[in-house]
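Student: This is the structure I want to talk about, given as structure tokens.
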Amino acid sequence: MSTTLDRRGFLQVGAAAGLGVALPAALDPAASQAPQVVQSGPRPVVVASANGNRFTNGGARTCVALAFDRITKGADVLDALVEGVNIVELDPADDSVGYGGLPNADGVVQLDASCMHGPSRRAGGVACLEGVRTPSRVAQSVLAHTDHHLLAGKDAQTFARQMGFTIEADLNTEHSRKLWLDWKRRLDPQHWLDPEKRSAAGFQAGLQMVREGLIDPEHYYGTIHCNGINAKGDLCGVTTTSGLAWKIPGRVGDSPILGAGLYVDNAVGAAGSTGRGEANLYNLSSFVAVECLRRGMRPKDAGMEALRRVQAATVERRLLNARGLPNFGLSLYVLSARGEVAGVSLYASKFAVCDENGPRTEATEALLPGKPMD
């Protein structure tokens, strides 16, 4: 067949070339030889703990769905993620985060949060913050308005007030207060461990409430983590929590600590966690996962390596079940700079994802069989 173009075809080719318009293959003599153009940047995606695709605070969208929508419409990635987690912080139905989060041993809701902005290499965090429903926004204000990373306690609250946040006297809901009173009636714990016996009666009372179905096992340790990436490769992350249920007043977990509750390196990837904070703090699991990405591991393998270190470091008898395995849960949510995601956990759990295929909840890859208390 002749490849010679007729006059009409020639005019179409010339016009298209002048306008910089791509030609249909049938009209482009070089089409069979031209390479296909493939998008070089990462695909936008948001990954979060499972509550990121469960709670809506009476609205139409979950955390991951809203954050993904904002990112794909050009919003700064961290702004989008914070707006997403605000849904969960403000929803009283989630008793592990923000308003209505399970309180400390004195019945006071103390909140922790941190965020990292990959492109600017900046971070902000708050710990033991009382009276503000959205600690993630206060953490973002620390990032934006100070030269520091972490503010704590009454001074964090003072800073929040200075930034214009409303300070409330009590963030308990009827539900969270009822559970705290139930716990107090079961035991009057001081939450101090006997140096000889290392017993934890208050901890066991809380776990009994989990076994009785009064507390969601995913919520005993609390927390929502969410990280995301846009088509330009901007990576950000945010973690926010009410912390361990019935904790010693002043206890700070992993959520506001860089490298533990979250870690972001814009050139490599991001990771964050939910679950037993102390186990994560001892091992800086989010930092480990990102460093594994730096060495070339895929997100799932990077997360599993971090979890194996947690298992190896768990040696106290009170933290082991009858099988000699950790008696607690810990999950990591890992996102590479290429837009690859993974949710991994010590034991079978769930995590949330939103990409061009929409929001969904998927099963994590579990390191260990069974359940924590088996």
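The values are calculated or read from the model by the stated rules, or taken from the named source; none is laboratory data. All figures in this text were calculated on a predicted structure; none of them were measured in a lab. As a convention, Cβ positions derive from the backbone with ideal geometry for all residues, glycine included, and neighbour counts pool all protein chains shown.
Student: Any chance the stretch 77-87 includes a residue that's assigned to a loop (DSSP other than H, G, I, E, B) and at pLDDT 95 or above? Can you show your working first?
Tutor: Going residue by residue through the stretch 77-87, those that are assigned to a loop (DSSP other than H, G, I, E, B) are none.
Within the stretch 77-87, none of the residues are assigned to a loop (DSSP other than H, G, I, E, B) and at pLDDT 95 or above.
Student: Next question, about the same structure. Quick one: Gly296 ticks every box in (1) farther than 26 Å from Pro119 by Cβ; (2) assigned to a loop (DSSP other than H, G, I, E, B) bar one, so which box is it?
Tutor: Failing condition for Gly296: (1).
Student: Select from the stretch 229-268 the residues that are small (Gly, Ala, Ser) and touching a Pro at 6+ places or on another chain (Cβ under 7 Å) and list them in ascending order. So that I can check it myself, show each step before the final result.
Tutor: Taking the stretch 229-268 and keeping what is small (Gly, Ala, Ser), we get 231, 233, 237, 242-243, 245, 250, 253, 255, 259-261, 267.
Result: Ala231, Gly233.
Student: Do you know which of the residues in the stretch 216-228 that are in contact with a Ser or Thr (Cβ under 9 Å, 6 or more places away or on another chain) and either farther than 17 Å from Ala123 by Cα or at pLDDT below 95 (or both) is surrounded by the fewest Cβ atoms within 10 Å (Cβ to Cβ)?
Tutor: It comes out as Asp216.
Student: Can you say whether Arg137 is among the basic types (Lys, Arg) and under 19 Å from Thr240 (Cβ atoms), as far as the supplied structure shows? Let's see the steps before the verdict.
Tutor: On the way: among the basic types (Lys, Arg): yes; under 19 Å from Thr240 (Cβ atoms): yes.
Yes; evaluated as a whole, the condition is true for this residue.
Student: Of (1) surrounded by 13 or more Cβ atoms within 10 Å (Cβ to Cβ); (2) touching a helix residue (DSSP H, G or I) at 6+ places or on another chain (Cβ under 8 Å), Leu171 satisfies all except one. Which?
Tutor: The number of the failed condition is (2).
Student: Restricting attention to the stretch 80-93, which residues are of a type outside the set (S, T, N, Q), without any contact (Cβ under 8 Å) to a residue 60 or more places away in the chain and farther than 18 Å from Arg360 by Cβ? Explain how you work it out, then say what you get.
Tutor: Going residue by residue through the stretch 80-93, those that are of a type outside the set (S, T, N, Q) are 80-85, 87-93.
So of that shortlist, the ones also without any contact (Cβ under 8 Å) to a residue 60 or more places away in the chain come out as 83, 87, 90-91, 93.
Glu83, Leu90, Asp91, Ala93 - these are the residues of the stretch 80-93 that are of a type outside the set (S, T, N, Q), without any contact (Cβ under 8 Å) to a residue 60 or more places away in the chain and farther than 18 Å from Arg360 by Cβ.
Student: Next question. Tally up the residues in the stretch 229-256 that are surrounded by 24 or more Cβ atoms within 10 Å (Cβ to Cβ) and either among the hydrophobic types (A, V, I, L, M, F, W, C) or on the phi > 0 side of the Ramachandran plot (or both), please.
Tutor: Total satisfying the criteria: 7.
Student: While we're here: List, please: which pairs have Cβ atoms under 6 Å, are six or more places apart or on different chains, and start with a residue in the stretch 48-73 that is of a type in the set (Ser, Thr, Tyr) and end with one that is part of a helix (DSSP H, G or I)?
Tutor: Thr62/Asn53
Student: Name the residues in the stretch 299-320 that are part of a loop (DSSP other than H, G, I, E, B) and surrounded by 15 or more Cβ atoms within 10 Å (Cβ to Cβ), would you?
Tutor: If we filter the stretch 299-320 for residues that are part of a loop (DSSP other than H, G, I, E, B), which is where we start, we get 314-316.
Across the stretch 299-320, the qualifying residue is only Thr314.
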